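Engineer: Attaching a single structure in structure tokens format; questions to follow.
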Amino acid sequence: MEDSTASTHNTASTHNTASAGKGDVAIAARCKEIEVASPSRKYSVYVGNRCVDKISGIIPEDARQVVVVTQREIEIELDLGREYSTVFVSQGEEAKSVKSLERVCKSFVECGLTRRGVVIALGGGVVTDLAGFAASIYHRGVPCINVSTSLLGQVDAAIGGKTGINLEEGKNLIGTFSQPLGVICDISHLESLPQLEMLSGYGEIAKYALLGLGNLEKYSLEEQVAKCVYLKASIVSEDELEQTGKRAVLNYGHTLGHAIEACSLLGSSQTDMENQPIRHGVAVGIGLIFAGKLAHRLGRIDDARLARHYEVVRNYGLMESIPKEIEPDELVQFMANDKKSMFAKGDGLNFVLDGEKGVELVTGIDTKLVRGLLEEMYSR
Ligand code: GLY
């Protein structure tokens with residue numbers, strides 16, 4: 001589908017964040033600042049209600065141009081206290097195409113963007129992935145700031161510098177590691193997020209709960225986001241380029257999750273609770289149950305730990321069974337073809353699995369065992 005990237009306009013904003021009233025200052029003071037100390041760049045992630053004001057402190061004072069990349073549907077107007085241009089991209093994964101990337105870059109030219117400017121990605125994962133990638137290659141790299149407006153983006157996609165677009169052959173096959181100048185996770189931006197999008201974010205939060213954050217469910221949404229960001233920031237700081245295996249644990253639940261998501265997008269009848277293709281985080285929820293069952297079958301975790309996987313996934317209202325329309329053979333095929341992991345070796349499949357030493361990458365798992373366990377993942 002065509003997107004409307006080429007449409008750009010200038011918007012002069014006359015408000016200055018420094019003129020915020022007393023109430024605003026109190027709100028801003030509650031905002032949490034979490035540092036990502038990756039080798040290539042140190043930056044802050046701000047988490048809080050109405051913390052979007054923090055953006056004026058992230059934009060370099062001498063930035064010559066500011067270009068906001070967003071979607072028309074987002075309808076959040078940024079108050080930057082200075083003139084900026086806006087570039088719109090379409091909704092959905094189609095926006096992460098080579099064609100769309102070209103349009104965004106052409107729009108940057110129209111806006112007069114140079115390396116002395118800054119890009120602001122205002123949106124969910126699709127926008128931050130696409131805009132972050134375009135910024136990282138345009139004029140050999142323009143700094144980018146992420147203002148994440150989805151729960152999934154706030155706890156995962158906007159943090160850690162992974163940018164990219166899709167090819168027909170697979171998701172995120174072209175991309176860069178390019179850390180942003182800063183990230184804003186304004187919880188108030190989630191107020192109008194559709195239920196299914198929230199659910200998708202909860203799938204990633206469930207992952208963090210099982211990665212060691214424990215009973216996350218008892219905290220407010222804002223605290224949950226902050227705790228997830230803190231864990232992601234510490235992992236990215238240790239293994240920015242996913243070279244040691246530490247960052248790979250962020251893919252917990254994703255091996256089967258990606259396969260379910262891909263099969264659901266390809267098929268016309270595979271649907272989730274609202275008759276739509278299965279969202280990323282919802283698929284990850286099913287993947288977490290599967291990873292728990294597999295670790296249990298391999299003797300890596302006990303009954304109580306497996307039960308905790310079910311409890312977390314259920315507490316977040318996520319799905320725990322594979323939709324019947326998706327064939328187990330399709331899933332195995334997809335997982336076998338997924339050779340993206342640089343840690344892959346041997347003939348079997350690779351999973352991130354829980355165990356005595358915590359969650360870690362396990363390679364060479366017997367395909368027949370996986371196929372058999374998948375059969376148990378369908379509701380009867
Ligand atoms: N979304 C996984 C990562 O950032 O590594």
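Engineer: Which order do peptides 291-297, 367-373 fall in by mean Cβ count within 10 Å, highest first? Walk me through the intermediate numbers first.
Structural biologist: Working: 291-297: 21.7, 367-373: 14.6.
Per-residue mean Cβ counts within 10 Å order the peptides as 291-297, 367-373.
Engineer: Given N residues in the stretch 29-182, what is its alpha carbon radius of gyration divided by 2.2 N^0.38 Å?
Structural biologist: That ratio works out to 0.96.
Engineer: Provide, in order from the shortest bin, the percent of all Cα-Cα pairs of the chain in each 20 Å bin, continuing until the bin that contains the maximum pair distance.
Structural biologist: Bin by bin from 0 Å, the calculated values are 29, 57, 14, 0.
Engineer: Long-range amide H contacts for R50: which residues qualify at under 5 Å (H placed 1.01 Å from N, peptide plane, sequence gap of 5 or more or a different chain)?
Structural biologist: Amide H neighbours of R50, under 5 Å, 5+ apart: I187, S188, H189.
Engineer: A follow-up question, please. Which of the peptides 84-90, 319-325 is most tightly packed, and how do the rest follow, going by the mean number of other Cβ atoms within 10 Å of each residue? Walk me through the numbers before you get to the answer.
Structural biologist: Details: 84-90: 22.9, 319-325: 17.1.
By packing density, highest mean first, the sequence is 84-90, 319-325.
Engineer: Of the candidates E168, E33, E77, which one comes out as most mobile in a Gaussian network treatment of the chain with C-alpha springs shorter than 10 Å?
Structural biologist: E168
Engineer: Among K162/K368; K54/K357; K207/K357; K106/K162; K99/K246, which pairs are too far apart, with a Cα-Cα distance over 28 Å? Mind dumping the intermediate values first?
Structural biologist: Numbers: K162/K368 33 Å; K54/K357 39 Å; K207/K357 17 Å; K106/K162 22 Å; K99/K246 34 Å.
Over 28 Å Cα-Cα: K162/K368; K54/K357; K99/K246.
Engineer: List the trypsin sites (Lys or Arg not before Pro) within the stretch 86-180 that DSSP assigns to loop and that have no more than 13 neighbouring Cβ atoms inside 10 Å.
Structural biologist: Working: sites: K96, K99, R103, K106, R115, R116, R140, K162, K171; in loops: K96, R115, R116.
Sites meeting the loop and neighbour criteria: R115, R116.
Engineer: Rank-order 121-133, 173-185 by packing density, defined as the average count of other C-beta atoms within 10 Å over each peptide's residues, highest first. Mind dumping the intermediate values first?
Structural biologist: Numbers: 121-133: 27.1, 173-185: 21.5.
Packing order, densest peptide first, comes out as 121-133, 173-185.
Engineer: Hey, can you grab everything whose amide H is under 5 Å from the amide H of G182? Only 5+ residues off in sequence or another chain; H modelled, so Pro and N-termini drop out.
Structural biologist: Counting only residues 5 or more places away or on other chains, the set is N146.
Engineer: Using helices alone, what [θ] at 222 nm do you get for the chain, with -39,500 (n - 2.57) per DSSP H run of 4 or more residues, divided over all residues and rounded to the nearest 500?
Structural biologist: Mean residue ellipticity at 222 nm (helix-derived): -11000 deg cm²/dmol.
Engineer: Taking 7 Å along the Cα-to-C-beta vector as the label spot, tell me the R140-R305 distance in nanometres, rounded to one decimal.
Structural biologist: Placing both labels 7 Å along Cα→Cβ, they lie 4.9 nm apart.
No value in this document is a laboratory result; all are computed from the given coordinates. What you see is a predicted model, and the numbers here were worked out from it, not measured in a lab. All Cβ positions, even for glycine, are placed from backbone atoms using ideal geometry, and neighbour counts span all protein chains on display.
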